[in-house]
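Participant: My questions will all concern the structure given below.
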Amino acid sequence: MYDGSTDGELLVLSREDPDAFGEFYERHAEDVLRYFARRTLDPTAAAELTAETFAEAFASRSRFRDRGTAGSAWLFGIARHQLSHYYRKGAVEAAARNKLGMRHLEVSAQDYERIEELIDFERVGRAIAHAMSTLSEEQREAMTLRVVEGRSYEEVARLLSCSEQTARARVSRGLRRLGKLIEAEPGLEIGRQA
Amino acid sequence: MDTKIGYLRELREDLLEAAWRESLTPERKRPKRRGVRRAFVGALAAATLTVAGVVGYVATHQSDEMKRLDAGSAGSNADLYARDPSAAVPSAEPQSAKVPGLSYDSGDVALREQAVTNSNRTWSSAGAGASQGNDSAQAGPAPSGSTTSSSAALPASIDNIIKTGSLSVVVPKGDFQSSLRAANDVAANYGGYVQASSTTGTRSGRLTLRVPADKYEAALGDLQDLGRVERESSNGQDVTGTFIDLQARLKIAEQRETVVSRLMDRANGISQVLQYRNLLEDAQLNVEQLKGQLRVLRNRSSLGTITLSLREEGVAAEDAVSNPSIGSALKHSLEGFLRVLFAVIVGLGYLIPIAALAGAGWWLFRRVRRSV
């Protein structure tokens, strides 16, 4: 029914007709999910962020003005806002969903893997490996022990024959460098909000 | 929806369900609109009151102007009587004072009227400065009353104006005493007198002079020559109407007196005599009251009043410094508050009919449009 309409038209129609919003959702749901998946590297978080984004889009659809800017641009603006909230607080907001009375959805094991597939792991993996290779030996070791294996700083210090303070310093420096490299990596979207 | 991810499908269902729920219960939108509406109504009410206040302010000021103009031209009866405590308010005359069939001798009344005419001068003739001789006070005995008709008893043209003025003059240092004496002399020169005099120290004081109405301007001029005029104001109150009114009433009262005394002469029996005597006393009292009022009026208009404030250079004017008190400040603020309230209420009085008319016109207009 709405095949020919633009995103903007759909949003305007959706003020009165929920089905128009349904069409809008179908067009962009997976893109939004992919967007979140690649930036959070967390399938559950990505799913929730998608849900919250569309809930907020529905709640504020009347504020959309069809002035030529694509409806999808407006939608991703909301997505960016949700993402920054996630980065700051470490959790996904639930206000819009609560307001609409929507229930909390669980991510099944199958969905989890499927969402993971949206993340281009190959590319991410290559980027991380490359970044790790630029770290110094000490930093790489400290990071692996602490971040990958999850050991306490006391253990790390013992294993690396250094003080705890030194161990902490190495890990934090390594993470910082890693973060910078990943952000600078062309084509990689981890941590980027753009 | 074609997607492998079940989550997305479920999410779609939940979204649409919530959407349909919302479309069926639109009340959630109302609180927003109600808030907007309330703000709109509040703003409209505030604007209306402000406009009403402005309209009321303009309206009350205009009416004040009109009052001031009126007071200048016409005589104000209440004002006259209020000033002189000895003049009592005349009692209401019964309309049927004249008894038909009885002729009355209005000779005495006519005589008195003539005297009144002669003692009055018109305003214009006094302004020209020509002194028409001071034959004020009583004229000689007029011809017998029977030749004068009742219509001539009322002088043809009376210009009765009560002239009052105030003057504030500053004299050179050391000249206060001599200027004060000179002011006293002015009153005497023009056939007037000093009604009141007071001094504050040896360098400033006040005089109230009475001078004949036709000499008013001349006397004022002489007083102004005493020194530098700081302030001057004169006021002429036309009391011609009051004069005519009083005279007419006096005539009626005197006729009544005559009638009653005649009746008493023909009375039969003690009881009738007593009745008539009471009536006669009432009538006589009335006559006396009216005569008293006429006397006051004549005195005021035949003699103008000048209030002179005299002070030496360097002496502070009387009301130069008056420290405002908190009490007066509070009074002023209360006055201001009440004035604003007053203005708003007056303004609403103007606005409500206008709004009603506009609303009716608008409604009619819409009706006409719809039918077309």
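Participant: For the stretch B:160-222, build the convex hull from the C-alpha positions and give me its volume per residue in Å³.
Facilitator: Each residue corresponds to 79 Å³ of Cα convex hull volume.
Participant: Binned at 5 Å from 0, what are the whole-percent values of the Cα-Cα distance distribution for the stretch B:246-330, short to long?
Facilitator: Calculated over all Cα pairs of the stretch B:246-330, the distribution is 3, 12, 12, 10, 8, 7, 7, 6, 7, 6, 6, 5, 5, 4, 2, 0 percent.
Participant: Hey, what do the phi angles of the stretch B:9-14 turn into as Karplus ³J(HN,Hα) couplings, whole Hz, using 6.51/-1.76/1.60 and θ = phi - 60°, x for Gly and Pro?
Facilitator: 5, 4, 4, 4, 4, 4
Participant: How high is the FRET efficiency between B:ARG370 and B:PHE342 when r is their beta carbon distance and R₀ equals 45 Å, given to the nearest 0.05?
Facilitator: Taking R0 as 45 Å, the efficiency between B:ARG370 and B:PHE342 is 0.60.
Participant: Okay, next question. For helix A:43-59, what angle does its Cα long axis make with the longest principal axis of chain A, in degrees from 0 to 90 and rounded to 10?
Facilitator: Long axis of A:43-59 versus the principal axis of chain A: about 30 degrees.
Participant: At 222 nm, what value in deg cm²/dmol follows for chain A if DSSP H runs of at least 4 each add -39500 (n - 2.57) and the sum is divided by all its residues, to the nearest 500?
Facilitator: -21500 deg cm²/dmol
Participant: May I pose another question? For the stretch B:172-207 and the stretch B:255-278, what is the separation of their Cα centres, given in Å?
Facilitator: The stretch B:172-207 and the stretch B:255-278 have Cα centres separated by 55 Å.
Participant: Have a look at A:LEU41, A:LEU135, A:LEU49 and tell me which one the Gaussian network model of chain A (Cα, springs below 10 Å) gives the largest fluctuation.
Facilitator: The residue with the greatest mean-square fluctuation here is A:LEU135.
Participant: Kindly give the semi-axes, whole Å and largest first, of the ellipsoid equivalent to the stretch A:61-127, taking each as the square root of 5 times a Cα gyration tensor eigenvalue.
Facilitator: So the three semi-axes of the stretch A:61-127 are 26, 20, 14 Å.
Participant: Can you tell which of A:THR50, A:THR166, A:THR40 shows the greatest fluctuation in a Gaussian network model of chain A with Cα springs below 10 Å?
Facilitator: Fluctuation is largest for A:THR166.
Participant: Expressed in nm², what is the orientationally averaged projection area of the convex hull enclosing the Cα positions of the stretch A:70-166?
Facilitator: Averaged projected hull area, Cα only: 10.2 nm².
Participant: Next question. Would you kindly state how much longer the chain becomes between B:THR3 and B:PHE40 on full extension, computed as 0.36 nm times their sequence separation minus their alpha carbon distance, in nm to one decimal?
Facilitator: Net length gain for the segment: 8.4 nm.
Participant: Okay, next question. Mind checking the full-extension length gain between A:ARG80 and A:ARG27? Use 0.36 nm per residue of separation minus the Cα-Cα distance, one decimal, nm.
Facilitator: Difference between extended and current length: 17.3 nm.
Participant: For the stretch A:74-105, state which trypsin sites (Lys or Arg not before Pro) are in a DSSP loop and have at most 13 other beta carbons lying within 10 Å of their beta carbon.
Facilitator: When the trypsin sites (Lys or Arg not before Pro) of the stretch A:74-105 are filtered for loop state and at most 13 Cβ neighbours within 10 Å, A:ARG103 remain.
Participant: So, one more: If one puts a single equal scatterer on every Cα of chain A and applies the Debye formula without solvent, what log₁₀ I(q)/I(0) results at q = 0.20 Å⁻¹?
Facilitator: -1.34
Participant: Provide a whole-number value for the mean count of partner chain Cβ atoms within 10 Å of the Cβ atoms in peptide B:17-23.
Facilitator: Going residue by residue through B:17-23 and averaging, the value is 6.
Participant: Provide, for q = 0.12, 0.18, 0.19 Å⁻¹, the log10 of I(q)/I(0) from a solvent-free Debye sum over equal Cα point scatterers in the stretch B:196-310.
Facilitator: Log-scaled intensity ratios, in q order: -0.64, -0.94, -0.99.
Participant: For B:ASP225, put the label point 7 Å out on the Cα→Cβ axis and report which residues of the stretch B:179-194 keep their amide N under 19 Å from it.
Facilitator: B:179-193, by backbone N distance to the label point.
Participant: Next question, about the same structure. Quick one: Karplus J couplings for the stretch B:184-197, per residue in order, coefficients 6.51, -1.76, 1.60, θ = phi - 60°, nearest Hz, x for Gly and Pro?
Facilitator: Karplus values, whole Hz, x for Gly and Pro: 4, 5, 4, 4, 5, 3, 9, x, x, 7, 8, 7, 8, 8.
Participant: Can you give me the distance in nm between label points at B:ASP282 and A:ALA94, each placed 7 Å from the Cα along the Cα-to-Cβ direction?
Facilitator: Result: 10.0 nm between the two label points.
The numbers here are math on the coordinates, done by the rules we state, and not lab data. Nothing here was measured: the structure is a model prediction, and the numbers come from that model. Backbone-built Cβ (ideal geometry, glycine too); neighbour counts: all protein chains shown.
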